[in-house]
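A.B. asks: Quick one: the structure is below, questions incoming.
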């Protein structure tokens, strides 16, 4: 914490309060993170990685879906450059999330931003943006949420790698729906204005259309850009 205080200019009490609040607010999200991390651990072991390799990937990469893809490609002896490019494309959505956070974190220097860029997840982003609209918080809120999710992801990955192989049929537990359910809940919290529903509807339509035309995961990035642009244009139009 002393290292972070050197870079961030909030009062110590505000930092501690927001850090703890971020951790507490992220606890319900763990209902989706734990089974997802556990499933990754099981999948990685089935693909041929040992317990150390499985856990170390969660420690160093911390990328959820990208880890699933990377493990699958590693098991197929895919070239390293192909794995890097594939995971990069999957994680491009983080670029869009980071851009939307610039107005709140632009005063921070590059050393501080490293902590946030590494720890940024879909869950912590949705939680932080929701709280930024509703209350006065600082970046330590997101840091607290990131840390809890990060540690939980590592722990659940390790657990999946150690005991996952003892479960005969993992899918029968129904835990694969936990993560989508979590995101549905996070999305519902942000549906507060007409613009929110317009962006949601636009992204849904564009993502389905682009998915049918363009192969791969590009439909996520393109639909997000189009929907965000539509939301901005709509707000400008109603202001006029």
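A.B. asks: If you take the residues of the range 106-118 that are within 29 Å of residue 68 (Cβ to Cβ) and either buried (at least 16 other Cβ atoms within 10 Å of the Cβ) or not assigned by TED's automatic domain parsing to the domain that holds residue 138 (or both), which of them is modelled with the lowest pLDDT? Give the steps one after another, and end with the answer.
C.D. replies: Here is the first cut: in the range 106-118, the ones within 29 Å of residue 68 (Cβ to Cβ) are 113-118.
This time we only want the ones that are either buried (at least 16 other Cβ atoms within 10 Å of the Cβ) or not assigned by TED's automatic domain parsing to the domain that holds residue 138 (or both), so: 113, 115-116.
Numbers: 113: 81, 115: 77, 116: 80.
Restricting to residues being within 29 Å of residue 68 (Cβ to Cβ) and either buried (at least 16 other Cβ atoms within 10 Å of the Cβ) or not assigned by TED's automatic domain parsing to the domain that holds residue 138 (or both), the top hit is 115.
A.B. asks: I've got another one for you. Look at the range 57-75 and say how many of its residues are assigned to a helix (DSSP H, G or I) and surrounded by 15 or more Cβ atoms within 10 Å (Cβ to Cβ). Even if it seems obvious, please write down each step before you answer.
C.D. replies: Step one: list which residues in the range 57-75 are assigned to a helix (DSSP H, G or I), which gives 57-60, 65-75.
Applying the additional criterion that residues be surrounded by 15 or more Cβ atoms within 10 Å (Cβ to Cβ) yields 57-58, 65-74.
Selection size over the range 57-75: 12.
A.B. asks: Please determine, by comparing only the residues of the range 86-98 that are without any contact (Cβ under 8 Å) to a residue 60 or more places away in the chain and under 13 Å from residue 218 (Cα atoms), which one is surrounded by the fewest Cβ atoms within 10 Å (Cβ to Cβ). Lay out the reasoning, then the answer.
C.D. replies: As a first pass, look at the range 86-98 and keep what is without any contact (Cβ under 8 Å) to a residue 60 or more places away in the chain: 86-88, 91, 94-95, 97-98.
Okay, now just the ones that are also under 13 Å from residue 218 (Cα atoms), so 86-88, 91.
Numbers: 86: 18, 87: 18, 88: 10, 91: 16.
Checking each candidate, the answer is 88.
A.B. asks: Between 236, 171, 240, which is on the phi < 0 side of the Ramachandran plot, modelled with pLDDT under 70 and not assigned by TED's automatic domain parsing to the domain that holds residue 92? It would help to see each step written out before you state the result.
C.D. replies: Numbers: 236 fails: modelled with pLDDT under 70; 171 fails: not assigned by TED's automatic domain parsing to the domain that holds residue 92.
Unique residue meeting the criteria: 240.
A.B. asks: For the subset of the range 153-165 comprising residues that are in contact (Cβ under 8 Å) with a residue 24 or more places away in the chain and surrounded by fewer than 19 Cβ atoms within 10 Å (Cβ to Cβ), which member is farthest from the chain's Cα centre (by Cα)? Show your work before the answer.
C.D. replies: Initially, the range 153-165 is screened for residues in contact (Cβ under 8 Å) with a residue 24 or more places away in the chain, giving 153-162, 164-165.
Next, from what is left, pick out any that are surrounded by fewer than 19 Cβ atoms within 10 Å (Cβ to Cβ): 154-155, 159, 162, 165.
Numbers: 154: 14, 155: 17, 159: 21, 162: 24, 165: 26 Å.
Checked the range 153-165; the qualifying residue farthest from the chain's Cα centre (by Cα) is 165.
A.B. asks: Tell me, which residue of the range 201-233 that is part of a helix (DSSP H, G or I) and either touching a residue at least 40 places away in the same chain (Cβ under 8 Å) or in the same structural domain as residue 98 (by TED's automatic domain parsing) (or both) is surrounded by the most Cβ atoms within 10 Å (Cβ to Cβ)? Write out each step before concluding.
C.D. replies: Here is the first cut: in the range 201-233, the residues part of a helix (DSSP H, G or I) are 201-213, 218-233.
Okay, now just the ones that are also either touching a residue at least 40 places away in the same chain (Cβ under 8 Å) or in the same structural domain as residue 98 (by TED's automatic domain parsing) (or both), so 218, 220-221, 224-225, 228.
Details: 218: 14, 220: 18, 221: 18, 224: 20, 225: 13, 228: 16.
That would be 224.
Condition check ((1) buried (at least 17 other Cβ atoms within 10 Å of the Cβ); (2) under 19 Å from residue 145 (Cβ atoms); (3) outside the structural domain of residue 156 (by TED's automatic domain parsing)) across all residues:
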| residue | (1), (2), (3) |
| --- | --- |
| 21 | yes, yes, no |
| 26 | yes, yes, no |
| 29 | yes, yes, no |
| 34 | yes, yes, no |
| 37 | yes, yes, no |
| 40 | yes, no, no |
| 44 | yes, no, no |
| 52 | no, no, no |
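The values are calculated or read from the model by the stated rules, or taken from the named source; none is laboratory data. None of these values were measured; they are calculated from a predicted model. When we count neighbours, we look across all protein chains shown, and the Cβ atoms used for this are built from the backbone with ideal geometry, even at glycine.
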